[in-house]
Amino acid sequence: MSPAVTTSSEATEHAATGDVSSATASAAASAAAVAEASGPQTVTMAKALNTAMADAMEADSSVLVFGEDVGRLGGVFRITDGLMARFGEQRCFDTPLAESGIVGMAVGMAMNGMRPVIEMQFDAFAYPAFEQIVSHVAKMHNRTKGAVKLPMVIRVPYAGGIGGVEHHCDSSESYYAHTAGLKVFTPATVADGYRMLREAIDSDDPVMFMEPKKLYWSKDQVDLGALRAEHATNAATGSSSEGRAAVARPGTDATLIAYGPSVPTALAAAAAAAEEGRSLEVIDVRSIVPFDDETVCASVRKTGRAVVIAEAHGFASVSSEIVARVQERCFHYLAAPIRRVTGFDVPYPAPKLEHYYLPSVDRILDAVDDLQWEN
């Protein structure tokens, strides 16, 4: 369970208002202050996302969080744990099991100056709200000629790798990426979990925030204080990492292009290839919409070969769009056709079979071997 976020100032305030004993509050304030100033520490993706929402709610009273079981329970994956206790039931609350109603209510709130952050409990649970997302969330800004903005975030725990069944492991990003008017973000690292969610909440445009659920408990050494300072600096200067891909691992022989849950698999494949003397560069797409053609194509022009990796079905997908964009921009630099390693074009399989369906290191290395090295 992701622990609730407590700051030193908050602990001191509790003491001043008599919520806890002065000794307890003093100890909590001291511990929180040490934690805030301790520099890099082991943080999970879940903790980073939780902290991002807490910091956004602390900074802006118009930010509120709601969805199914996100309040008292803290969400199925405990990503919102402690937010109701800290900010109250007016800022973080549970809703009925009605995804269309959740999104519709968020649209009305966003139209009237709030910044709702809503959770779709699982990827496929969002489908009842699809009409709201496509017909209203995505179109309101254009429909009103820019007069009405919808600063809202729809958090979607997505993709597989957790031993779940159908309706719990869909990779639904292509539906949203195909819908003009939506931004689509998907973090693959702990630091990006915090960084990108803060940027999504700050955005005046609606953001589909796709969270790879199998990475919720991934860990990394992260300095949350430094990330807060980075966000404050970017907000003050108007800069952002939005729409930028990242070179997750440099290389020279071929480029692996991945996003979200597939990035760690791509990195593992690159590490395995290095043992065989092959240098693979890994690009973390980060932002599906807007898409960073510049970073992706610069890598492919350098290496001359590319493999696109994604858990979603390959047909009519984000991976096929990436292949098309790279092909159009890098044709004369390519030494071989671009390959893809994706989920198969079948419904998501039973838990015991998902390892056959998901991209794996072996499948990626087989695709790399097929990049016409003999030429």
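The charge dipole of the stretch 216-355, taken about the Cα centre with unit charges on the Cβ atoms of Lys, Arg (+1) and Asp, Glu (-1), comes to about 180 debye, rounded to the nearest 20.
Considering only Cα atoms, the convex hull volume of the stretch 80-204 works out to 120 Å³ per residue.
I'd like the orientation of helix 22-37 relative to the chain: the angle between its Cα long axis and the longest Cα principal axis, in ° from 0 to 90, rounded to 10. For 22-37 against the chain, the angle is about 20 degrees. Exposed loop sites here are GluC sites (Glu not before Pro) assigned a DSSP state other than H, G, I, E or B and surrounded by at most 12 other beta carbons within 10 Å; excluding them, the longest clear run of the chain is 167-275.
Taken about its Cα centre, the chain carries a charge dipole of roughly 460 debye when the Cβ of each Lys and Arg holds +1 and the Cβ of each Asp and Glu holds -1. With a cut-off of 13 Å between beta carbons, the residues surrounding Arg363 carry a summed charge of -3, where Lys and Arg count +1 and Asp and Glu -1. Full extension of the chain between Leu97 and Ser360 yields a length gain of 91.2 nm, computed as 0.36 nm times the residue separation minus the alpha carbon distance. Between Asp69 and Met114, take the C-beta separation as r, use R0 = 25 Å, and let me know the FRET efficiency to the nearest 0.05. Rounded to the nearest 0.05, the efficiency is 0.75. Met105 sits with roughly 80 Å² accessible to a 1.4 Å probe, with DNA, RNA and ligands left out of the calculation. Close Lys pairs in the chain, defined as Cα atoms under 28 Å apart and 8 or more places apart or on different chains, number 14. Counting 0.36 nm for each residue step from Ala316 to Asp220 and taking away their Cα separation leaves a gain of 31.2 nm.
The label-point distance for Gln41 and Glu89, in a model that sets each label 7 Å from Cα toward Cβ, rounds to 3.1 nm. Taking a ≥ b ≥ c as the square roots of the eigenvalues of the Cα gyration tensor, an a/c ratio of 1.5 or more together with a/b larger than b/c marks the stretch 222-262 as prolate.
Please state, rounded to one decimal and in Å, the Kirkwood hydrodynamic radius that the chain gives when every pair of distinct Cα atoms enters the mean of 1/r. Kirkwood radius, the chain: 21.5 Å. Helix 318-330 and the longest principal axis of the C-alpha atoms of the chain enclose an angle of approximately 60°. Mean sequence separation of contacting Cα pairs (under 8 Å, at least six apart), scaled by the length of the stretch 320-374, corresponds to a relative contact order of 40 percent. Were the residues from Lys149 through Phe331 laid out at 0.36 nm apart, the gain over their Cα-Cα distance would be 61.6 nm. Sequence-ordered 3J(HN,Hα) estimates for the stretch 98-115 from the Karplus curve with 6.51, -1.76 and 1.60 and θ = phi - 60° stand at 8, 4, 4, x, 4, 5, x, 5, 5, 4, x, 5, 5, 5, 10, x, 8, 10 Hz, glycine and proline given as x. Positive contributions from Lys and Arg (+1) and negative ones from Asp and Glu (-1), summed over other residues with Cβ under 11 Å from the Cβ of Asp94, come out at -3. If I fit a long axis through the Cα atoms of helix 263-275 and take the longest principal axis of the Cα atoms of the chain, what angle between them do I get, 0 to 90°, rounded to 10? Helix 263-275 sits roughly 50 degrees off the main axis of the chain.
Report, in whole Å, the centroid distance computed from the Cα atoms of the stretch 314-375 and the stretch 216-276. If we compute the Cα centre of each part, the gap is 20 Å.
Given the -39500 (n - 2.57) contribution per DSSP H run of 4+ residues, what per-residue ellipticity at 222 nm results for the chain, rounded to the nearest 500 deg cm²/dmol? Calculated from helices alone, the mean residue ellipticity at 222 nm is -11500 deg cm²/dmol. The value of relative contact order for the chain, using C-alpha pairs under 8 Å at least six residues apart, is 14 percent.
The values are calculated or read from the model by the stated rules, or taken from the named source; none is laboratory data. A quick note: this is a predicted structure, and the numbers were derived from the prediction, not measured. In this analysis, Cβ positions are derived from the backbone assuming ideal geometry, glycine residues included, and neighbour counts consider all displayed protein chains. To get the accessible areas, we keep the full protein, side chains included, count just its heavy atoms, and leave off ligands, DNA and RNA. Shrake-Rupley method; radii C 1.70, N 1.55, O 1.52, S 1.80 Å.
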